[in-house]
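Have a look at the structure below before the remarks.
The values are calculated or read from the model by the stated rules, or taken from the named source; none is laboratory data. Remember, it's a predicted structure, so these values are computed and weren't measured experimentally. Methodologically, a virtual Cβ is constructed for each residue, glycine included, from the backbone with ideal geometry; neighbour enumeration extends over all protein chains shown. Ligands, DNA and RNA are excluded from the accessible area calculation, which covers all protein heavy atoms including side chains. Shrake-Rupley method; radii C 1.70, N 1.55, O 1.52, S 1.80 Å.
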Amino acid sequence: MRRITGSLVVAFAAALLLPSVAWAATATGPTPMQRSIALTDPSVVFIDTAVQIGVRLTYQDSGAISGLGSLSQTYNIDWATGSGFVVNPGGTIVTASHVVEPPAQEMQNYAANNLILGGLGYRYGDPYGQYTIPGHPAYTQLLQQCYQGVDCTFQITPQVTVISAVEIAGTQTPKGMPARVLTSTGFQATDVAVLQVAGSDMPTAALATTAGNLQSGDQIVAIGFPGTSRDALQTGVTEPTKIFGQVSNVVAQGSSNLVEIDAAVQPGMSGGPVIDSAGQVIGLTSFTLTQSNGQSGQIFLRTVDDIRTALRAAGVTVSRGLVDTTFAKAMSYFWGRHYTASVPLFQKVLALYPGHPLATEYLAQAQAKAGGPQDLPLKAPSKGLPLVAIIGAAVAVLLVIGLVLVFARRGRGRVTAQLPQAAPAGPIAQQPPEVPAPAPEVSAGAVMATPAGPMPNGTGTAEPAGVTRFEPVSAPVVTAVQDRPAGQDPPVDAPQFCAHCGSHLAADARFCPSCGQARG
């Protein structure tokens with residue numbers, strides 16, 4: 001029985017494992033992380049921020065009627081490039097605040113240096129630093145007051161341009177879409193900015209519910225466009241850069257958290273999404289701590305919790321669109337080698353969002369493989385139960401039968417052990433002296449369920465009230481184990497036993513205290 005049960009268990013396990021083993025042996029394609037990247041890539045955008053700075057310097061001029069003179073100038077600078085990702089098909093984009101919000105003091109320093117130092121013919125290194133002019137205290141005072149906005153007034157206007165995945169993958173120099181800053185928490189706070197462009201049916205990224213369950217060692221991927229991408233855009237950049245790494249630590253900062261990651265994130269990837277193995281955004285790249293030797297140190301992220309807070313402040317609802325669901329289904333078919341079936345889905349994606357870079361790429365591959373030896377047709381849905389379900393049900397039934405047989409066999413063993421063993425026919429082998437005295441043969445009779453003590457009439461036939469009687473059980477034949485001459489009584493101090501139930505009897509007892517029968 002144990003062998004049968006073992007065989008059933010092995011068959012059951014094999015039925016469960018064989019489909020998985022067969023699938024693993026035939027399946028090919030990217031890893032779960034690579035699949036997640038492919039579904040997130042189309043939502044990542046390149047962000048280029050320029051700044052227009054208007055400055056007006058007011059100074060003492062004795063030649064003027066008012067006694068004051070003024071000087072105005074406007075400067076345009078390329079401030080920064082960064083990355084971002086779409087969170088709503090209508091063109092809502094998330095990035096880092098410092099990508100689209102240049103520090104006001106640095107902008108004022110830049111304009112003051114150009115206006116005063118440049119106007120006086122001085123050369124200087126850092127355009128965003130502050131300086132003094134040796135030997136010219138009046139000029140130094142004027143410069144310092146301009147830095148602080150005392151003698152100068154400034155108008156700082158960031159000009160943010162978003163370049164979508166479609167334009168990045170194009171063959172012509174992209175023009176980009178102007179973006180409005182809906183809200184920005186600022187770098188010193190949580191470093192999250194929400195932008196809006198005039199888009200429709202744009203691919204989006206999936207946001208995790210929270211980053212509160214992140215732990216050290218969790219695998220992540222940072223996605224974005226390094227700073228050199230601005231030059232590469234002239235020839236067309238098809239995909240953002242991916243940097244693989246893992247979570248190093250999660251630290252609290254104020255009412256928020258910072259996530260430290262072990263990944264070689266490059267400048268320009270700030271504001272880009274960082275996803276987990278499920279393809280969900282758990283944060284955005286925020287900043288790097290620079291070591292004393294000038295080398296980059298730890299990389300820190302702002303969490304998806306901060307992102308969701310900023311989106312609520314901007315009044316934006318996170319959603320995904322038809323492009324996302326259609327593209328995901330098309331990729332599922334493609335990875336499953338259903339190339340023919342994936343073609344119309346890729347075409348639908350391109351109809352919704354013309355120029356979708358990955359849809360264009362995979363459509364070409366699917367069309368090349370459609371109808372070939374690697375192309376697997378989609379199976380029509382079965383009207384009956386699937387074969388796997390039938391096999392599983394059959395194996396389950398066999399396993400239940402095996403278990404029933406095992407428990408039945410165990411149950412019989414327990415019942416047999418509880419029944420009294422019948423005495424063997426004929427004399428019993430010689431026993432030690434402490435055995436019952438010879439007794440006459442006892443016929444079958446009623447057995448009391450509970451010992452009732454001596455019967456009141458001394459006959460052993462009365463049944464006390466409240467005692468349940470069981471069905472008769474044939475009593476075994478008891479024979480003497482040691483003969484003695486007839487009529488010879490046993491010694492007084494020899495043990496006395498009831499001839500009916502074998503209980504110990506006192507020497508002068510007339511009735512058995514256990515079964516109530518008269519002494520034989």
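Checked against (1) open to solvent by 40 Å² or more (accessible area, probe 1.4 Å); (2) modelled with pLDDT under 95; (3) closer than 30 Å to MET269 by Cα; (4) polar (S, T, N, Q), THR132 passes all but a single condition, namely (3). Consider the stretch 109-167 and keep the residues that are without any contact (Cβ under 8 Å) to a residue 24 or more places away in the chain and of a type in the set (A, V, I, L, M, F, W, C). The one that is nearest to MET202 (Cα to Cα) is VAL150. Remark: TYR122 matches the filter, which requires a residue to be surrounded by fewer than 18 Cβ atoms within 10 Å (Cβ to Cβ) and among the hydroxyl-bearing types (Ser, Thr, Tyr).
Do we find a residue being hydroxyl-bearing (Ser, Thr, Tyr), in contact with a helix residue (DSSP H, G or I) (Cβ under 6 Å, 6 or more places away or on another chain) and modelled with pLDDT of 95 or more anywhere in the stretch 189-197? Within the stretch 189-197 (the criterion being hydroxyl-bearing (Ser, Thr, Tyr), in contact with a helix residue (DSSP H, G or I) (Cβ under 6 Å, 6 or more places away or on another chain) and modelled with pLDDT of 95 or more), the answer is no, since none of the residues qualifies. How many residues are over 26 Å from LEU182 (Cβ atoms) and modelled with pLDDT under 95 when one looks only at the stretch 298-331? Final tally of qualifying residues: 2. Kindly list, by first and then second residue, each pair from a residue in the stretch 190-217 that is under 20 Å from ASP305 (Cβ atoms) and assigned to a loop (DSSP other than H, G, I, E, B) to a residue that is open to solvent by 10 Å² or more (accessible area, probe 1.4 Å) and small (Gly, Ala, Ser), limited to pairs with Cβ atoms under 8 Å and residues at least 6 apart or on different chains. What qualifies is THR190/SER256; VAL192/SER184; THR204/SER319; THR204/GLY321; ALA208/ALA278; SER216/SER248. Number of residues in the stretch 345-376 that are open to solvent by less than 20 Å² (accessible area, probe 1.4 Å) and among the acidic types (Asp, Glu) equals 0.
Residues are listed down the side, and each one gets a yes or a no for (1) under 32 Å from the mean Cα position of the chain (by Cα); (2) among the basic types (Lys, Arg); (3) within 26 Å of VAL45 (Cα to Cα):
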{"residue": "HIS338", "(1), (2), (3)": "yes, no, no"}
{"residue": "ALA341", "(1), (2), (3)": "yes, no, no"}
{"residue": "TYR353", "(1), (2), (3)": "yes, no, yes"}
{"residue": "THR360", "(1), (2), (3)": "yes, no, yes"}
{"residue": "ALA368", "(1), (2), (3)": "no, no, no"}
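The requirement of being open to solvent by 40 Å² or more (accessible area, probe 1.4 Å), under 27 Å from VAL316 (Cα atoms) and modelled with pLDDT of 95 or more is fulfilled somewhere in the stretch 171-180, by at least one residue.
Of the numbered criteria (1) open to solvent by less than 60 Å² (accessible area, probe 1.4 Å); (2) among the polar types (S, T, N, Q); (3) outside any helix (DSSP H, G or I), the one THR74 fails is (1). In the set (1) among the small types (Gly, Ala, Ser); (2) within 38 Å of the chain's Cα centre (by Cα); (3) buried (at least 22 other Cβ atoms within 10 Å of the Cβ), the condition left unmet by GLY90 is number (3). Within the stretch 10-56, count every residue that is assigned to a helix (DSSP H, G or I), at pLDDT 50 or above and open to solvent by 40 Å² or more (accessible area, probe 1.4 Å). Residues that pass the stated criteria total 4.
Filtering the stretch 258-286 to residues that are open to solvent by 30 Å² or more (accessible area, probe 1.4 Å) and in contact with a Gly (Cβ under 8 Å, 6 or more places away or on another chain) leaves ASP262, ALA264, GLN266, PRO267.
Taken over the stretch 88-112, the criterion of being hydrophobic (A, V, I, L, M, F, W, C) and more than 29 Å from GLY321 (Cα to Cα) is satisfied by ALA104, MET107, ALA111, ALA112.
Looking at the stretch 90-101, is at least one residue without any contact (Cβ under 8 Å) to a residue 40 or more places away in the chain and closer than 25 Å to MET269 by Cβ? I'd like the intermediate steps shown before the answer.
Our first condition is that a residue be without any contact (Cβ under 8 Å) to a residue 40 or more places away in the chain; within the stretch 90-101, this holds for none.
Scanning the stretch 90-101 turns up no residue that is without any contact (Cβ under 8 Å) to a residue 40 or more places away in the chain and closer than 25 Å to MET269 by Cβ.
From the list ALA112, ALA96, the lone residue that is out of contact with any Asp or Glu (no Cβ under 8 Å at 6 or more places or on another chain), at pLDDT 95 or above and either surrounded by 21 or more Cβ atoms within 10 Å (Cβ to Cβ) or charged (D, E, K, R) (or both) is ALA112.
Here TYR139 passes the criteria (1) assigned to a loop (DSSP other than H, G, I, E, B); (2) more than 38 Å from the chain's Cα centre (by Cα) except the one numbered (1).
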